[in-house]
Amino acid sequence: MALDPLFLATAIEGALSAGRIHRSYFRTNLVVDKKGPIDLVTAADLETERMFRGLIAGRFPSHVVLGEETPAGVAAESGGHRWIIDPVDGTTNFAHGLALFCVSIALEVDGRVELGVVYDPMAEELFTAERGVGAWLNGEPLHVSTRSALVDGLLCTGFPYSVRDRPTKLEAFSAFLRAARGVRRLGSAALDLCYVAAGRLDGFWEIRLHPWDFAAGLLV
């Protein structure tokens, strides 16, 4: 399916605008609230999602937006054109002044993700993908690693916020740690997936992710 070129242009525009918001808040006296004991939300998350919702509403009024900070039941239905955004993927890193976070934007058409954009504003790395066309980093084609043996691989994972209540989920981590060259936990599923696409990581796994965590990165 050929997509309107304006869709990708809009996703890139939104991602770059998000990056400017991120940089304006990063390592400042940031207001941090809690959605759970260790699940954070910041003013940057909220402002970024408001910006993107406004962009889509003005350009594509019939489209809906599903965002991490979306109130329950608001524009979350699938079908038609649905934009999926994580305004700051890696909020804990962001809130602690660790420069490893991004914005993740995907467009789903009739239930299938057709394009994805992930932007790391601190590294100035823009990952883009279109289904059936390809994936790129700052305009250069991406290629996954050619390593075939797990013992030679560098893997990455993340843990759900409920890990404190379900410590058995660490069993896979322990098994991979023994079998692979190394295992990392970077704190941003979207970047983890993009790093696999770029060959920096050889594999990634994580449980209990939400659509905004992986929609764009998985397509990349």
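The values are calculated or read from the model by the stated rules, or taken from the named source; none is laboratory data. What you see is a predicted model; the values in this text were computed from it and never measured. When we count neighbours, we look across all protein chains shown, and the Cβ atoms used for this are built from the backbone with ideal geometry, even at glycine. Areas reflect the complete protein model, heavy atoms only, side chains present, ligands, DNA and RNA absent. Shrake-Rupley method; radii C 1.70, N 1.55, O 1.52, S 1.80 Å.
Can you tell me which residue in segment 48-80 is modelled with the lowest pLDDT, limited to those that are open to solvent by less than 60 Å² (accessible area, probe 1.4 Å) and farther than 22 Å from residue 22 by Cβ?
So, considering only residues that are open to solvent by less than 60 Å² (accessible area, probe 1.4 Å) and farther than 22 Å from residue 22 by Cβ, the one modelled with the lowest pLDDT is 75.
What is the number of the single condition among (1) modelled with pLDDT under 95; (2) open to solvent by 50 Å² or more (accessible area, probe 1.4 Å); (3) aromatic (Phe, Trp, Tyr) that residue 159 does not meet?
Unmet for residue 159, out of (1) modelled with pLDDT under 95; (2) open to solvent by 50 Å² or more (accessible area, probe 1.4 Å); (3) aromatic (Phe, Trp, Tyr): (2).
Restricting attention to segment 192-212, and to residues there that are at pLDDT 95 or above and part of a loop (DSSP other than H, G, I, E, B), which single residue is most open to solvent (accessible area, probe 1.4 Å)?
Selected residue: 200.
Would you pick out the residues in segment 91-119 that are more than 15 Å from residue 60 (Cβ to Cβ), touching a residue at least 40 places away in the same chain (Cβ under 8 Å) and surrounded by fewer than 24 Cβ atoms within 10 Å (Cβ to Cβ)?
Residues satisfying the conditions are 91, 92, 93, 95, 97, 98, 99, 100, 113.
So which residues in segment 168-185 are within 11 Å of residue 154 (Cβ to Cβ) and either within 13 Å of the chain's Cα centre (by Cα) or open to solvent by 60 Å² or more (accessible area, probe 1.4 Å) (or both), if there are any at all?
Of everything in segment 168-185, those that are within 11 Å of residue 154 (Cβ to Cβ) and either within 13 Å of the chain's Cα centre (by Cα) or open to solvent by 60 Å² or more (accessible area, probe 1.4 Å) (or both) turn out to be 176, 181, 184.
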